[in-house]
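A short write-up of the structure that comes next.
The values are calculated or read from the model by the stated rules, or taken from the named source; none is laboratory data. Only a predicted model underlies this, so the values are computations on that prediction, with no experimental measurement involved. Cβ atoms come from the backbone with ideal geometry, glycine included; neighbour counts cover every protein chain shown. For the accessible areas, the whole protein counts, side chains as well, though only heavy atoms, and no ligand, DNA or RNA atoms are used. Shrake-Rupley method; radii C 1.70, N 1.55, O 1.52, S 1.80 Å.
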Amino acid sequence: MAGQGLPLHVATLLTGLLECLGFAGVLFGWPSLVFVFKNEDYFKDLCGPDAGPIGNATGQADCKAQDERFSLIFTLGSFMNNFMTFPTGYIFDRFKTTVARLIAIFFYTTATLIIAFTSAGSAVLLFLAMPMLTIGGILFLITNLQIGNLFGQHRSTIITLYNGAFDSSSAVFLIIKLLYEKGISLRASFIFISVCSTWHVARTFLLMPWGHIPYPLPPNYSYGLCSGNGTTKEEKETAEHENRELQSKEFLSAKEETPGAGQKQELRSFWSYAFSRRFVWHLVWLSVIQLWHYLFIGTLNSLLTNMAGGDMARVSTYTNAFAFTQFGVLCAPWNGLLMDRLKQKYQKEARKTGSSTLAVALCSTVPSLALTSLLCLGFALCASVPVLPLQYLTFILQVISRSFLYGSNAAFLTLAFPSEHFGKLFGLVMALSAVVSLLQFPIFTLIKGSLQNDPFYVNVMFMLAILLTFFHPFLVYRECRTWKESPSAIA
């Protein structure tokens with residue numbers, strides 16, 4: 001990293017963190033926004049004639065159709081958050097940074113303006129606004145991840161920080177809720193966010209490259225304010241190798257690059273890996289845990305309302321507490337630190353025993369996969385106990401579990417499969433898990449309908465499903481142990 005470019009690099013880093021922290025992942029603050037929407041009587045026409053105002057415990061608790069509508073909107077938004085990972089990554093890869101960011105600004109600004117000018121009578125427009133908000137946020141994140149390339153050996157740390165900032169941006173909806181309670185209208189808040197798009201545009205042309213930031217960084221590399229011509233042809237060729245990896249690193253925790261031993265594997269087709277037992281079990285592991293997270297976030301307002309007996313003051317307090325705990329920027333580095341330490345330990349053992357380097361890399365993922373499942377199980381157990389004070393612990397376990405989930409996912413795919421298939425496998429697993437996440441709406445409908453607002457049986461089924469996810473790290477452990485003993489068994 002050239003010393004003369006350090007001030008520009010730091011400015012790019014800090015403004016990128018602010019962009020991700022303030023805009024990219026706001027969807028996960030949905031419970032705070034639902035509270036405001038209910039106060040504004042969004043979808044109140046779906047409630048029965050006996051439903052009273054927001055402060056009325058009976059009216060709030062009994063409006064099943066209203067809760068279902070909000071759950072459906074979150075289901076669509078969370079689906080787009082995963083399903084669009086691969087297409088948006090392709091846009092970034094194919095059309096470069098500036099075009100991708102302008103598309104992101106268009107989607108994001110349009111979404112915030114729609115929300116700003118909706119009312120109870122036009123609440124159906126939220127079905128359009130929330131998916132657009134999600135797409136814009138993903139593109140903001142993807143275009144910012146490459147900034148890690150400016151910082152050499154600290155690259156993984158920067159990527160982890162951006163991942164944490166993405167998670168933490170859910171606090172934006174909490175701020176909107178608190179401002180609303182102080183008399184600032186929902187429209188004013190979202191118009192302000194829309195006006196911030198001028199800052200996004202200025203940053204796009206002044207602090208970001210036209211193309212991609214290459215890695216490793218070439219000597220005298222310039223961009224933004226320091227370059228009117230963008231990257232050179234040589235720099236673009238250097239960057240090409242990294243572009244596919246960068247499109248998928250929004251959930252990547254700090255880690256080393258794929259070990260070279262993995263390249264010794266026999267050449268196999270993409271589909272042979274996609275249908276392998278290793279990939280299928282990883283898909284099950286990701287889909288089950290992610291579905292539980294999405295169901296919890298999408299139904300949190302309804303859950304808290306029931307636990308509080310319709311006391312909206314207590315619901316507001318716990319909604320605020322949930323939003324305050326969503327600072328994933330504090331949790332994101334832990335998983336990467338765990339894997340890096342274990343990898344160093346196993347590498348030393350491999351040099352002594354002559355074990356396979358690929359087996360060493362795989363073994364380093366086992367504790368992370370198992371710990372993620374364990375955290376999610378604890379999170380599900382606490383959420384299943386209808387005691388309000390216990391939900392503080394639930395919120396903490398939820399954010400740590402979510403932070404571990406996506407870092408473990410990307411790291412495992414990077415280490416367990418050839419690098420030339422990483423982008424495709426990452427896109428495939430995210431798209432398929434997004435399809436599974438659509439189940440959250442029928443599950444919510446089941447709870448509100450046949451189960452008469454009692455989620456006990458659904459919670460038990462999820463805990464059993466989460467126990468099933470422990471089978472994935474167990475199989476990986478057995479596989480890597482076999483490889484360490486018989487390197488010729490690697491396929």
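Enter the accessible area of Asp41 (Å², nearest 10), with the probe set to 1.4 Å and all protein chains included.
70 Å²
Given the protein chains as shown and a 1.4 Å probe, how many square angstrom of Arg203 are accessible, to the nearest 10?
It works out to around 10 Å².
Would you rank Lys44, Lys64 by solvent-accessible area, highest first, keeping every protein chain in place and using a 1.4 Å probe?
Output order, biggest surface exposure first: Lys64, Lys44.
Counting Lys and Arg as +1 and Asp and Glu as -1, each charge on the Cβ, what is the dipole of segment 58-108 about the Cα centre in debye, to the nearest 20?
Dipole magnitude for segment 58-108 comes out near 320 debye.
Under a plain spin-label model, where a point goes 7 Å from the Cα along Cα-to-Cβ, how far apart in nm are Leu475 and Ser272?
Label at Leu475, label at Ser272, 1.9 nm between them.
Going by average Cβ density within 10 Å per residue, which order do the peptides 402-413, 178-189 take, highest to lowest?
Packing proxy ranking, top to bottom: 402-413, 178-189.
Tell me, what is the 1.4 Å probe accessible area of Tyr90, in Å² to the nearest 10?
Its heavy atoms expose roughly 120 Å² to the probe.
Indicate the gyration tensor shape class of segment 153-225 (rounded, prolate or oblate), computed on the Cα atoms with a ≥ b ≥ c the square roots of the eigenvalues: a/c under 1.5 is rounded; otherwise a/b larger than b/c is prolate and the rest oblate.
Judged from the Cα gyration tensor, segment 153-225 comes out oblate (a/c at least 1.5, b/c at or above a/b).
Taking the Cβ-Cβ separation of Ser122 and Met461 as r and a Förster radius of 25 Å, what is the calculated FRET efficiency to the nearest 0.05?
The value I calculate is 0.10.
Mind checking the full-extension length gain between Val387 and Arg94? Use 0.36 nm per residue of separation minus the Cα-Cα distance, one decimal, nm.
Separation in residues times 0.36 nm, less the Cα-Cα distance, equals 100.4 nm.
Need one number: nm distance between label points at His154 and Asn453, each 7 Å from Cα along Cα→Cβ, rounded to one decimal.
That separation, rounded to one decimal, is 5.2 nm.
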